[in-house]
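Enquirer: Input: one structure, supplied below.
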Amino acid sequence: MSTYFHSVTLQPNLCCGCTNCLKRCPTEAIRVHEGKAHILRQRCIDCGECIRNCPHHAKKALSSTMEEIENYKIKVALPAPALFGQFNNLDNIDIVLSGLISIGFDYVFEVSRAAELVSDATRKLISQGKLNLPVISSACPAVVRLIKIRFPELCDNVMPLLAPMEVAARIARKEVKDKTGASDEDIGVFFITPCAAKYTEILSPSVGSKSACNGAIAISHIYPELTSAMEHLKVIEPLSNSGLIGVGWSISGGESAAMLGEKYLAADGIENVIRVLEELEDDHIHDVDFIELNACSGGCVGGVLNVENPYVAQARIQNLRKYLPISLNHLDEKDLPNMLLDGELKFDSSIFSLDTDINKAIEKMTKMEEILKGLPGLDCGSCGAPSCRAMAEDIVQNHAKETDCIFKLKAKIQKVYDQLKDTI
Amino acid sequence: MSAIHLHFDVPGDDFTRAGEASGSTKKRLKALGYDSDAIRRVAIAMYEAEINMVIHANGGYCDVDVYPDRVEILLADDGPGIEDIDKAMQEGYSTAPDNVRSLGFGAGMGLPNIKKYSDEMRIDTKLGIGTKLYLTIKVH
Ligand SMILES: Nc1ncnc2c1ncn2[C@@H]1O[C@H](COP(=O)(O)OP(=O)(O)OP(=O)(O)O)[C@@H](O)[C@H]1O
Ligand code: SF4
Ligand SMILES: [Mg+2]
């Protein structure tokens, strides 16, 4: 799996090698070596926690640029509903959509429209009794990837539906082709993204092999150009076609509310998400049919590529929703098969296990526990690993040596010094 | 054959800490890349037994031995003992006090679930002396 792409990267010139990101990474995917942070690619779920927590802004998310859209004859924008929470006093989504047209897109399709279809499809699948309950939303790619590498028993509980972004991309692509007769290569479909995880999902889907999106442009990247375009609009085209259900998907609880009465649970923020998954795995959660999990606090409005404070954005979305009809997109049952995932979500056991051979893994763990007893247990991070336990694991896996622990090193130096002292 | 041995004290005076032993066992098994279905069964059976020790017997200890093909667990307490094992094994039978019922315990499903999820289960209990529960969970 060396081809796995992920979006969050380090800008080494800004990194001072502190332990802020190290300690906050929920999958222990960061190590500091020789004064710089390194991301263990396979373990990173692109949740963005390190971007949020780095005081030196040394972590950033890769995403597409506006220049990239020029590679295509027909340019399609798929705005995430979180985008609508970024503007002061916005009472009409058409202003944003018309703005996207005026900065260079030929066509817009709101992801909130696809979200309404996904909500519809979810309700249908639950009522048909076709899902493993409780079913976990597949919308947040950081959550899906977390399940894929850490929660083997929950892979079957993930909703077998494509995320709204992907549904939107497929519908928009088809509409453009039908309308213009253009070929797939001529159509560039770009998600306007609140987060890094969505870009990763486009380049390295968790299930299946190819996304119908060509890239994802950060909300923060187009924000200046877009706001200025929105201020200078000559005409506001009636482009919007989503209701309050779809727009509400951008805030935590919005997707659940669309379940209209099913027994649901909604959790946001990656640590809370992990807690829910642990409980679910141990069979401690009952009487719930649907589980909405967002890696970001507050939901997608909390994504690291937004510009506005998540709580302000949330309030704006609530406000915007007031003037919208419930839902404007309804599923035609014959389209349901087109919305299903392109395959099964398969657990990847290689990422967190000590060894693929259980006997070797047991040997390694025995060694690891032995090493751990000798470490000071301070979890200080000075060695470059997030905890003494992670350090013990790194030593066993030959990624670190015992004297990388400054206390071990000090003890060793002391010993050498004592020996020398006696000989002098 | 190699094995990992884990030992946990289960404090009887802090109800909110119940579940820590089964939780850390689960973490270790995951790090071993252990069979995921076996992990699930260990986590559930051990959790129920751990809670029982806290609710009914004022705590105790557990010893866990992990082998490549099975996990052996001993949960021991010096609580009141179980008067009638057959009765205790029945679904719905419970002597749990009201204060834990309000937290969702006391459905009388713990022991039946432990039996369901483990491959071997043996209870040694003496009134006034304590209870030992031996469980084996195999990789299927
Ligand atoms: N370690 C123990 N020491 C003493 N009595 C026990 C012990 N474990 C279980 N029992 C007795 O067996 C009964 C049944 O246990 P079981 O775990 O099936 O149900 P419960 O603990 O009462 O409820 P639940 O497990 O559903 O929360 C208990 O109510 C208690 O009387
Ligand atoms: S919650 Fe939304 S914004 Fe955050 S990672 Fe998941 S999909 Fe992206
Ligand atoms: Mg019980």
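Enquirer: Could you please rank A:GLU262, A:GLU292, A:GLU67, placing first whichever residue has the fewest other Cβ atoms within 10 Å of its Cβ? Working shown, then result.
Expert: Details: A:GLU262 17, A:GLU292 25, A:GLU67 7.
Placing the least packed residue first, the sequence is A:GLU67, A:GLU262, A:GLU292.
Enquirer: In nm, to one decimal, how far is the modelled label at A:VAL312 from the one at A:ASN88, with both set 7 Å along Cα→Cβ?
Expert: 0.8 nm
Enquirer: What FRET efficiency do you get for A:HIS286 and A:THR227 if R0 is 45 Å and r is their Cβ-Cβ distance, rounded to the nearest 0.05?
Expert: My answer for the efficiency is 0.45.
Enquirer: Over the Cα atoms, compute the radius of gyration (one decimal) and Dmax (the largest Cα-Cα distance, rounded to a whole number) for the protein assembly as shown, in Å.
Expert: 26.9, 90
Enquirer: Please report the spacing between the Cα centers of segment B:17-80 and segment A:193-214 in Å, no decimals.
Expert: 39 Å
Enquirer: Can you compute the FRET efficiency between A:ILE236 and A:ASP342 using 1/(1 + (r/R0)^6), with r the Cβ-Cβ distance and R0 = 25 Å? Round to the nearest 0.05.
Expert: 0.10
Enquirer: For segment A:272-393, with the dipole built from +1 on Lys and Arg beta-carbon atoms and -1 on Asp and Glu ones, taken about the Cα centre, which of A:VAL312, A:HIS330, A:SER350 lies farthest toward the positive end?
Expert: Value: A:VAL312.
Enquirer: Suppose the chain between A:ALA411 and A:LYS73 were pulled fully straight at 0.36 nm per residue; how much longer would it get relative to their current alpha carbon spacing?
Expert: Taking A:ALA411 through A:LYS73 to full extension adds about 115.1 nm, to one decimal.
Enquirer: Using alpha carbons only, how many angstrom separate the centre of segment A:66-123 from the centre of segment A:405-424?
Expert: Segment A:66-123 and segment A:405-424 have Cα centres separated by 64 Å.
Enquirer: To the nearest 0.05, what FRET efficiency results for A:HIS330 and A:LYS210 with a Förster distance of 30 Å applied to their C-beta separation? Can you show the working numbers first?
Expert: Working: r = 28 Å, r/R0 = 0.92.
Efficiency at R0 = 30 Å is approximately 0.60.
Enquirer: Moving on. Multiply the residue separation of A:THR356 and A:LYS421 by 0.36 nm, subtract the distance between their alpha-carbon atoms, and state the gained length in nm to one decimal.
Expert: The span from A:THR356 to A:LYS421 would gain 18.6 nm if fully extended.
Enquirer: Please figure out what share of the DSSP beta bridges in the protein assembly as shown is antiparallel and state it in percent, rounded to the nearest 5.
Expert: In the protein assembly as shown, approximately 65 percent of DSSP beta bridges are antiparallel ones.
Enquirer: 7 Å from Cα along Cα→Cβ at both A:LEU133 and B:ASP86: what's the point-to-point distance in nm?
Expert: 3.6 nm
Enquirer: Would you mind giving the three semi-axes, in whole Å and largest first, of the ellipsoid equivalent to segment A:1-61 according to its Cα gyration tensor? Display every interim value, and only then the final one.
Expert: On the way: eigenvalues 59, 28, 24 Å².
Whole-Å semi-axes of the equivalent ellipsoid: 17, 12, 11.
Enquirer: When the distances between all Cα atoms of segment A:169-223 are binned every 10 Å from zero, what whole-number percent does each bin get?
Expert: 24, 46, 28, 2
Enquirer: Could you tell me the center-to-center distance, by alpha carbons, between segment B:92-116 and segment A:364-395 in angstrom?
Expert: About 39 Å separates the Cα centre of segment B:92-116 from the one of segment A:364-395.
Enquirer: Pick out which of A:PRO325, A:PRO152, A:PRO134 has the largest mean-square fluctuation in a Gaussian network model of chain A, springs linking Cα atoms closer than 10 Å.
Expert: A:PRO325
Enquirer: So, in nm, how far is label A:HIS33 from label A:GLU271 when the simple model puts each one 7 Å beyond its Cα toward the Cβ?
Expert: For A:HIS33 paired with A:GLU271, the spin-label model returns 2.9 nm.
Enquirer: Helix-only mean residue ellipticity at 222 nm, chain A, DSSP H runs n ≥ 4 weighted -39,500 (n - 2.57), per residue, nearest 500. What is it? If you can, show how the numbers build up before the last one.
Expert: Working: 15 runs with 162 residues, N = 424.
Mean residue ellipticity at 222 nm (helix-derived): -11500 deg cm²/dmol.
Enquirer: Hey, what did segment B:4-138 get for relative contact order, percent, Cα under 8 Å, at least 6 apart?
Expert: 27 percent
Enquirer: Let me ask you something else. In the structure displayed, which of A:LYS23/B:LYS30; A:LYS263/B:LYS138; A:LYS148/A:LYS198; A:LYS148/B:LYS26; A:LYS59/A:LYS364 lie more than 23 Å apart, Cα to Cα?
Expert: Those over the limit are A:LYS263/B:LYS138; A:LYS59/A:LYS364.
Enquirer: Another question, then. Just rank A:LYS234, A:LYS179, A:LYS73, fewest to most, by other beta-carbon atoms within 10 angstrom.
Expert: Details: A:LYS234 6, A:LYS179 10, A:LYS73 13.
Fewest to most other Cβ atoms nearby, the residues stand as A:LYS234, A:LYS179, A:LYS73.
Read the figures in this text as sums done on the coordinates, not as results from a lab. Computed from a predicted model, the values in this text were never measured in an experiment. Here the Cβ is made from the backbone with ideal geometry for all residues, glycine too, and neighbour counts use every protein chain on show.
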